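Visitor: Provided herewith is a single structure, encoded as structure tokens, for subsequent inquiry.
The values are calculated or read from the model by the stated rules, or taken from the named source; none is laboratory data. This structure is a prediction, so every number in the text was calculated from the model and none was measured. Ideal geometry is used to build each Cβ from the backbone, glycine not excepted, and the neighbour counts take in all protein chains shown.
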Amino acid sequence: MSRQNIGIVVLFLCALGIWRFFSPDDESSTSPSTEYQPDFTAQVLRSVEFSIEGKIIRRIFADSMEHYGELGMTMFTNPVIIIYDENAQATWKIQAKEGNFSSDDVATLRNDVVIKNMNKNDYIDVITTSYLQLELADNLVRSDQLITITGDLFNQTGVGLEGDLKQEYMTILKQVEAIYTNDEKI
């Protein structure tokens, strides 16, 4: 190799070294992004689930839905869940401003959660809270937030809730305050 070729190679290597030394480190392109994109989305969602016998179990409505398969989660805007009994009669209507369903059939609902009893002459009319978890397979509910349960003859508030919507059994866990009225005419 001639001196001229060796000089060009040395000059090229020096230029490459100086360029690498002064070039900014672009870590954002080499590090993995933590922002996930939905696998699919839906607007004005309507879903109906049936039992093996062909009876309706539940209906789910939402203004919008985004499914993230990598996270095993589906996000909903303004979800409404209507639960039916074994006779295909609507028993509970649960709605919220936002919610997500996980791959293990647990619905987590947030912001203005309202559980309305669809049976007219039952003890409980409405349950309100800001946060609720609903196990869809067993219709079990729980919350650790402020709860208000109202009926025709009572109003209860407290913190925390555990309940079974099938058995219509609800327990406020702590700081319970209740007002009972007797509006029967004499």
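Visitor: Which residues, counting only those in segment 66-102, are farther than 17 Å from Q37 by Cα and touching a Leu at 6+ places or on another chain (Cβ under 9 Å)?
Guide: Those that are farther than 17 Å from Q37 by Cα and touching a Leu at 6+ places or on another chain (Cβ under 9 Å): P79, I81, I83, T91, W92, I94, Q95, A96, K97, E98, G99.
Visitor: When the residues of segment 65-79 are narrowed to those that are surrounded by fewer than 20 Cβ atoms within 10 Å (Cβ to Cβ) and of a type in the set (A, V, I, L, M, F, W, C), which ends up nearest to D138 (Cα to Cα)? Outline the logic, then answer.
Guide: First pass over segment 65-79, keeping only residues surrounded by fewer than 20 Cβ atoms within 10 Å (Cβ to Cβ): 66-73, 75, 77-78.
Subsequent filtering for residues that are of a type in the set (A, V, I, L, M, F, W, C) retains 71, 73, 75.
Numbers: L71: 23, M73: 19, M75: 21 Å.
Step by step, filter segment 65-79, then rank; the result is M73.
Visitor: Specify the residue that is nearest to T148 (Cα to Cα); the eligible residues are those in segment 86-120 that are assigned to a loop (DSSP other than H, G, I, E, B), over 10 Å from the mean Cα position of the chain (by Cα) and among the aliphatic types (A, V, I, L, M).
Guide: Per the stated criteria, the residue is M118.
Visitor: Same structure, new question: Residue under question is V159, and the condition is that it be farther than 19 Å from K116 by Cβ, of a type in the set (A, V, I, L, M, F, W, C), at pLDDT 90 or above and surrounded by 11 or more Cβ atoms within 10 Å (Cβ to Cβ); does it hold? Lay out the reasoning, then the answer.
Guide: Working: farther than 19 Å from K116 by Cβ: yes; of a type in the set (A, V, I, L, M, F, W, C): yes; at pLDDT 90 or above: yes; surrounded by 11 or more Cβ atoms within 10 Å (Cβ to Cβ): yes.
Criteria met by V159.
Visitor: Can you work out which of the residues in segment 14-51 that are within 13 Å of M65 (Cα to Cα) and β-branched (V, I, T) is modelled with the lowest pLDDT?
Guide: So, considering only residues that are within 13 Å of M65 (Cα to Cα) and β-branched (V, I, T), the one modelled with the lowest pLDDT is T41.
Visitor: Tell me the residue from T128, T150, T181, T91 that is over 18 Å from P79 (Cβ atoms), surrounded by 14 or more Cβ atoms within 10 Å (Cβ to Cβ) and among the hydroxyl-bearing types (S, T, Y), please. Show your work before the answer.
Guide: Values: T128 fails: over 18 Å from P79 (Cβ atoms); T181 fails: surrounded by 14 or more Cβ atoms within 10 Å (Cβ to Cβ); T91 fails: over 18 Å from P79 (Cβ atoms).
From the options T128, T150, T181, T91, the qualifying one is T150.
Visitor: Would you confirm, using the coordinates I've provided, whether E49 is without any contact (Cβ under 8 Å) to a residue 12 or more places away in the chain and assigned to a strand (DSSP E or B)? Outline the logic, then answer.
Guide: Numbers: without any contact (Cβ under 8 Å) to a residue 12 or more places away in the chain: yes; assigned to a strand (DSSP E or B): yes.
Yes: the conditions hold for E49.
Visitor: Can you tell me which of L153, L140 is over 13 Å from the mean Cα position of the chain (by Cα) and more than 28 Å from H67 (Cβ to Cβ)? It would help to see each step written out before you state the result.
Guide: Numbers: L140 fails: more than 28 Å from H67 (Cβ to Cβ).
Answer to the selection: L153.
Here is a yes/no grid of residues against (1) free of Cβ contacts under 8 Å to residues at least 40 places away in the same chain; (2) among the charged types (D, E, K, R); (3) at positive phi:
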residue: K97; (1), (2), (3): yes, yes, no
residue: L109; (1), (2), (3): yes, no, no
residue: D122; (1), (2), (3): no, yes, no
residue: L140; (1), (2), (3): yes, no, no
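Visitor: Can I ask one more? Within segment 98-120, count every residue that is loosely packed, with under 15 Cβ neighbours inside 10 Å and either farther than 21 Å from I57 by Cβ or touching a Ser or Thr at 6+ places or on another chain (Cβ under 8 Å) (or both).
Guide: 6
Visitor: Any residue in segment 62-88 that's aromatic (F, W, Y): show its pairings with residues that are assigned to a loop (DSSP other than H, G, I, E, B) at Cβ separation under 7 Å, as long as the two are six or more apart or on different chains.
Guide: Y68/Y36; Y68/P38; Y68/D39
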